[in-house]
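The values are calculated or read from the model by the stated rules, or taken from the named source; none is laboratory data. These figures come from a predicted structure and were not determined experimentally. Cβ placement follows ideal geometry from the backbone for every residue including glycine, while neighbour counts extend to all protein chains displayed. Please note that ligands, DNA and RNA were not included when accessible areas were found on the heavy atoms of the full protein model with its side chains. Shrake-Rupley method; radii C 1.70, N 1.55, O 1.52, S 1.80 Å.
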Amino acid sequence: MTDLDLTATHRSHASPSLVKRPALVVAFVAVVIAAAHIRWPRLIDSLGGEVRRLNGVWLVPAIALAGVSMLTAALQQRRVLRARGVSLPVRSMMAITFAANAVSVTLPLAGSTAGTAYTYAQLKRRGADVPTAAWALATSGIISTTVLAAVLGVGAAVTGDGATSIVGPVAMVLGIVPIAVLLMSFRSELVRHRVERMVQVVVSGVRRVIRRAGDLDAAVVSRAFQRLAGFRLGWRAGAASSVYAAVNWVTDIACLAVCVTALGVPVPWTHLAVIYGATLGAASLSFTPAGIGLVESAIAVALVQSGVPTASAIVAAVLYRAVSCWLVLCVGWVSYATMRRVNLLSGTGGRVSAS
């Protein structure tokens with residue numbers, strides 16, 4: 001039986017449970033809405049009024065901003081890869097970015113690790129070797145996080161949020177310092193040799209446990225570290241990647257502002273950086289798939305604390321998540337399924353054509 005036959009068989013057996021799940025979700029949502037209507041009747045009526053006065057024209061720029069945010073995220077990684085001689089079509093890089101984002105957002109807790117692993121596997125499949133793929137992902141992550149810290153820091157400082165303008169960005173930068181130091185340390189021959197020895201000990205232990213020769217030995221590890229030590233991004237590639245990262249974050253923040261504007265309430269510009277920072281914090285600590293419930297609550301609470309009426313804050317939070325998360329998530333899983341189907345049809349599991 002082929003992989004496709006196994007997939008078809010699995011779907012046929014799983015279909016009854018898949019049919020039941022949407023019904024259970026709908027029933028749960030109905031119960032929650034009914035309970036909320038009983039407990040907070042005025043709030044539910046206010047939410048209905050906010051939804052009715054929502055200006056749908058603003059959905060167009062909101063969706064466009066979300067799309068530009070994802071596009072520039074893909075272009076940033078593509079530019080870093082080009083610095084190492086790996087050139088991917090924009091369409092292919094976009095598909096990888098959307099799919100990796102879907103994996104990262106959907107899985108709670110370990111989502112970011114799984115999303116990075118997925119991107120790593122896709123880059124290798126498209127011609128990047130192990131050192132290049134690892135270096136590109138690490139460098140891209142460092143640039144993106146550093147730029148985000150700068151954007152939030154500048155935004156909070158300009159709006160006069162005092163300690164928030166310092167604490168948040170500093171915490172973000174400290175999170176990437178170990179990775180940056182590790183990459184820089186590879187340029188020191190002494191440090192590189194010590195790291196090589198540690199990695200070789202781990203590799204030898206793994207090989208003894210799984211008892212497979214494979215192609216990962218001391219020589220391979222040594223060559224990989226030597227290549228990493230020689231990698232340089234260059235100021236032009238670094239500047240271009242930083243610009244892409246800045247546009248990525250700024251357009252996402254702008255999407256949130258547009259969603260608030262769509263309800264006809266003033267945007268809390270002086271607190272927008274803090275609100276967005278709270279959004280990212282809730283998303284990173286979420287225990288639910290895609291942060292459902294937790295991230296929306298964090299955004300709504302932050303908006304209310306910034307002076308937005310409660311009903312407007314809740315609808316704005318849900319609208320922003322629908323555009324920037326759920327819509328993007330749907331596109332991501334379609335990209336994931338499409339690339340997986342291409343892999344199965346190719347039958348080799350090897351390099352995939354531009355998706």
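Overall, the accessible surface of segment 88-145 at a probe of 1.4 angstrom is composed of carbon and sulfur to the extent of 68 percent. Using a probe of 1.4 Å on the protein chains alone, the accessible area found for Ile253 is around 20 Å². All other residues with a Cβ under 14 Å from the Cβ of Ala62 taken together, and with Lys, Arg as +1 and Asp, Glu as -1, what is their net charge? In short, 0. Centre-to-centre, using Cα atoms only, segment 232-248 and segment 68-89 are separated by 10 Å. Charged neighbours of Leu75, selected by a Cβ distance under 13 Å, balance to +4 (K, R count +1; D, E count -1). Sorting 297-305, 54-62 by average packing, meaning the other beta carbons within 10 Å per residue, from highest down gives 297-305, 54-62.
Would you please classify the overall shape of segment 226-347 from the alpha carbon gyration tensor, given that a ≥ b ≥ c denote the square roots of the eigenvalues, rounded means a/c under 1.5, and beyond that prolate means a/b larger than b/c while oblate covers the rest? Let's see the in-between values first.
On the way: a/c = 2.40, a/b = 1.47, b/c = 1.64.
Here segment 226-347 falls in the oblate category.
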